[in-house]
Each structure stands twice: as structure tokens, then as C-alpha cells.
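J.: Below you'll find the structure I mean.
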RNA sequence: CCAGACGGUCGGGCGACCGCUGUUGCCUUCGGGUGAUGGAGGAAAGUCCGGGCUCCACGGGAGAACGGUGCCGGUUAACGACCGGCGAGGGUGACCUCAGGGAAAGUGCCACAGAAAACAGACCGCCUUCCGGGCCUGCUUGCGGGCUGGAGGUAAGGGUGAAACGGUGCGGUAAGAGCGCACCGCGCUUCCGGUAACGGCGGCGGCAGGGCAAACCCCACCGGGAGCAAGACCGAAUAGGGACGACAGGCAGCGCGGCGACGUGGCUGCCGGGGGCUCUCCCGCCUCGUCGUCCGGGUUGGUCGCGUGAGGCACGUUGCGAGACGUGUCCCAGAGGAAUGGUCGUCACAGCCUGAUUUUCGGGCUGUACAGAACCCGGCUUACAGACCGUCUGGCAGA
RNA sequence: GGUCCGGUGGCAGAAUGGUGAUGCAGCGGACUGCAAAUCCGCGUACGUGGGUUCGAUUCCCGCCCGGACCU
């Protein structure tokens, strides 16, 4: 996974992001982004509910979201944000290039990247 | 060749780039960097059983209750699992299925239908006889026939039902009946085989004892409770509580308050009492003002437990088998909002479309199951695209 | 990780092993000038697969689904 300092782990952290974040949906995922007003690295959380499928499908969805975010992070900075990526039923089937495109679009819509 | 039965194995391979994580070597500005190496399953699943491990109760005995298992022998750490037999049922067969002890200890149930549903009895029948009953009738005038009532014999026949107190045949009889006989079934039993369940030959008994125990139950055997969120340590924080209800406190000493009489649920001791140890009893142990209900306050960090084990693989010996024993060799996941991956290429297989001259070769597209460790192990159950191996059975054809 | 319950018409909710009630809702009829209320009638169910039994919603076993609790 991402370095552990860069992960959201507590339920309270997820709730804080969900309450105040800017949200954007896409066919492959839903993004919640919260600006922290500092220059620390971004902190990431993943949410994949049982609606997505059994444990194999949920693991696959979370890993593809993580991989897509890693690809995007390589060519643009995400400092100063808390991000929560929510998996949907389409996350596992959607082809990877389209998933990355979805992620770039929602990052732009929530103002994380210009 | 077709159809089938049983047992077992695998369940994508190779490569490239980019990542996560355990262990370990080196470097380090102690943040980390870098190299090597390991990284999901046959079911990891359901949690239906059994055990290891940990804590609690752990004292002993008797009885009760509760739960489970249930042909016999074996395997095993143990089991409700497995193996080999036996019996019953199914299949042409290979084989498959079975919670398969006890119904002459007791209780209960057997709807509807049927005369009758468990202990013998008798609705329609069948037969005999009597009161020479009553009524009708024929004529040979003291006999016959019919209907009907009473007494008795019988359980063959009738039909109902899942099931009707042995079945079929012959004899027998007034009519009948294991009343007698033969065969079949059933019960008891000598002997023989087998460790046993059980089986076989024979003899005896004329038949008694319907079914249901996955109804209560009886018998035999087994079982203390909870579970890694067990539990241990380090660190942090808060509190040394409050309300209501019930009860049983007493005495002595000390303390505290008071000038004092005295008061006091503060402490100690003794007696009594309460609570806990599944229930009851006896002794025993622990604890204390006790018990019950509710409210209030703090912590959700880290380390260990945590993988050398009833372990895997190979070979040998032994056993019909489940397995057992011996030798050698290997170390083989360890996360914690939870790693074990993502993308691409190629090969393999299957399906569809399509091109060339059919066989054959080529191109394109799609698909490749069920499913994710959370302390560990042995079973069971359930899910699963497809591929392969072995043994056997039945049928057809050919030599 | 573990423990324990429960699945009956569209909804709620009973039923000693033998015909599965009842209420609300729905449909049809009666009543009414038309409706409501009332009355009469009708349709619709035992989660699923096996087993025991003559016979299973009920008893036993395996699955599926839902829920509660331990933290």
C-alpha cells in the first residue's frame, strides 16, 4: 500500500472527510476530496462496501483504485489533500485506461488539480 | 466405439515494466536507502463436529437435570470422521443408499374410510338348532317353501385402509378354523463357522408379540465453562463514584464529633448473615456490609501470543484398508481500514465470425471456474469452467 | 473471530403429525340518487433440497436468506 503515514485509518477520519469534502462521481469510482491547507503529502483512504461483491471482488476493486491513483500521482502532485476513493460495482470490470481517465476527471472537478 | 461406476491429481505456463509486504546482509544524516530471498486455497468458505493452546471454576462424594452418540470390529491425539465387515433396500452389472440398540418397563398416537386400529371382538354374511316362536303360501293334511325374531357355532367370503391377529394349496367340517399336512414366513434352540455383528445345517413350536422411539421414554457410552476480541506485558488517561429498591445486624475495642450524657454504615476482632463454586444434600474453599437494576467516568496505542508443526516431500518395511513404523531431506505467508498486486505481450484450450483450393493453414473477437489466510491442526458439508490418470461394469461391432 | 434466533398470501400474524385460521389491503355483488360505513362471496401462502412416517408447515439433516448479541 502507500506508506502508512499516507493512509486514513480511523473511522473518525473517514467521517470528517465525508462531512466536509467536495464529492464527484464517475462510472468507475466516487471521489471525496478535502483540502487541509498545508504542504504535507496527501492522505488516502479506500471504501469498498459489500454491495460491490464478495471479498475477491472487493479486494480487486480496492487494488485497482490504488494502482490508478499511483499512476496519476506520478505526473501530478496531490499535496495538502485528504482523499477518499469509493469503489463501485463497475470498478472491477472497467478497463484500466478508462478508470485512470475517470480518476483524472474527478480530481479536476473537485479542484485537487487544475 | 457407445453408455456408465469408483478412486485420484491439477486447476493456466513463460516474459517485460511499475508496486506492496515479511525475513536478512550492507550503508545510514536513524527519516530511510540498496541487494538477496519468501509471499493465498482445495475448498482459505459455512462454522456442523473433534483436538491443541489460553484464562476462569479448579476440593471430594452421591443423586438429578441438560446435551450428544447408538449394528460389529478396527484406525486415530480425539471425533458425530475414516476403514473393513454384517444386515436391510435399490440397480442387468461395476456399484450405490441407510440416525441400523430396545416396541413381551411404562405412557401416548394411528386422521379419513371401515363392523372393528390393538384386545380381542363381530356389521353384512355362512351354518346348526330351538321356542316345533310369529306371518305368508303350496298341496299329497302333516309335510314342504319363503320372510322375520330369539339362542348358539364360525372368521372362509364382503368391502375400507398405509396397516386387519401369518400366506398358498390339499385334506377336513354342519359351516369353518394351524383343526391336520406340505412349502414359504415367524419365534425358540442343539451343533458348526466367525473376535463379534451375524450366517449355515438340523430340531422344536402350530403362530404368540401390528406400526411409530428423526413421539415421550428405557438402556449403554461420552461431555466443567468460555474462547486469540482467549490471555500476558509496557505506556497513556480517568475514577477511587452516584441513584433507587430489598435485607440483619449484635457485642467489644480504637478513631472521629461533643464539656458531657451520647452519636457515628471510619477501622479491627468475635458471633451471626449474604453472595459465588450448573441444580439438591453433606463437609470444604473464596469473598464481604451484601445482592439486584440503572446512571456516570477513562482507554480503543504498542509488543508478545504468532508459526518446528498430531508439519511437507521422497524411499523402504508392514497391514485387505483407514493407517503405523523407520531412514533421509526441507523450513514453506504472517497482514492489521488489513500485504500477497496492476498493466501489457506471447503461448495453451474452448466458442463465434471469417479468408484461401475440402483435408489443412491463417486472421479477428470473446471467454478460461468457485473463490481471499486473520491462533493452529484433523474431519464433515457446500461451491467449482475445464483438463488429465488409473481400476472396473454393461452393450454393440470386429479379429 | 465467535454465540444465538427466525423465514407462513401484497402486509401483519396464529395453528396438539391428518381440512392452513384471522385482520388490513385487492376483486365482485348487495345496500345508496352517488359514495362511505355495513353485509355476502372470491382469489392469493408454509424459503429450498433430502430423510423418518401411511401421511410433514410441524420431527431430523444439509443449503439459502434475514436479524440480534459479544467488542
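The values are calculated or read from the model by the stated rules, or taken from the named source; none is laboratory data. Values in this document were obtained by computation on a predicted structure and should not be read as measured data. Here Cβ is always computed from backbone atoms with ideal geometry, including for glycine, and neighbour counts include all displayed protein chains.
J.: Just checking, which of A:8, A:34 is at pLDDT 80 or above and touching a strand residue (DSSP E or B) at 6+ places or on another chain (Cβ under 8 Å)?
T.: Going through A:8, A:34 in turn, just one is at pLDDT 80 or above and touching a strand residue (DSSP E or B) at 6+ places or on another chain (Cβ under 8 Å): A:34.
J.: Test residue A:106 against the stated conditions and say whether it is exposed (fewer than 13 other Cβ atoms within 10 Å of the Cβ) and not in a loop (DSSP other than H, G, I, E, B).
T.: no
One line per residue, one yes/no per condition, for (1) more than 13 Å from the chain's Cα centre (by Cα); (2) part of a helix (DSSP H, G or I); (3) within 12 Å of RNA strand B (Cβ to nearest atom); (4) within 14 Å of residue A:22 (Cα to Cα):
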{"position": "A:58", "(1), (2), (3), (4)": "yes, yes, yes, no"}
{"position": "A:65", "(1), (2), (3), (4)": "no, yes, yes, no"}
{"position": "A:71", "(1), (2), (3), (4)": "no, yes, yes, no"}
{"position": "A:89", "(1), (2), (3), (4)": "yes, no, no, no"}
{"position": "A:92", "(1), (2), (3), (4)": "yes, no, yes, no"}
{"position": "A:99", "(1), (2), (3), (4)": "no, yes, yes, no"}
{"position": "A:102", "(1), (2), (3), (4)": "no, yes, no, no"}
{"position": "A:111", "(1), (2), (3), (4)": "yes, no, no, yes"}
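J.: Go through segment A:7-26 and report how many residues are surrounded by fewer than 18 Cβ atoms within 10 Å (Cβ to Cβ) and within 16 Å of residue A:110 (Cα to Cα).
T.: Final tally of qualifying residues: 6.
J.: Quick check on residue A:50: is it without any contact (Cβ under 8 Å) to a residue 12 or more places away in the chain and either surrounded by 13 or more Cβ atoms within 10 Å (Cβ to Cβ) or over 14 Å from the mean Cα position of the chain (by Cα) (or both)?
T.: Here the answer is yes, as residue A:50 does meet what is asked.
J.: Of everything in segment A:18-31, what is over 22 Å from residue A:90 (Cβ atoms) and in contact (Cβ under 8 Å) with a residue 12 or more places away in the chain? Give them in sequence order.
T.: A:20 - this is the single residue of segment A:18-31 that is over 22 Å from residue A:90 (Cβ atoms) and in contact (Cβ under 8 Å) with a residue 12 or more places away in the chain.
J.: Would you call residue A:78 buried (at least 17 other Cβ atoms within 10 Å of the Cβ) and within 12 Å of RNA strand B (Cβ to nearest atom)?
T.: Answer is no for this residue.
J.: Let me ask you something else. State whether one or more residues within segment A:46-54 are in a helix (DSSP H, G or I) and out of contact with any helix residue (DSSP H, G or I) (no Cβ under 7 Å at 6 or more places or on another chain).
T.: Checked against the condition, which is being in a helix (DSSP H, G or I) and out of contact with any helix residue (DSSP H, G or I) (no Cβ under 7 Å at 6 or more places or on another chain), segment A:46-54 yields at least one hit.
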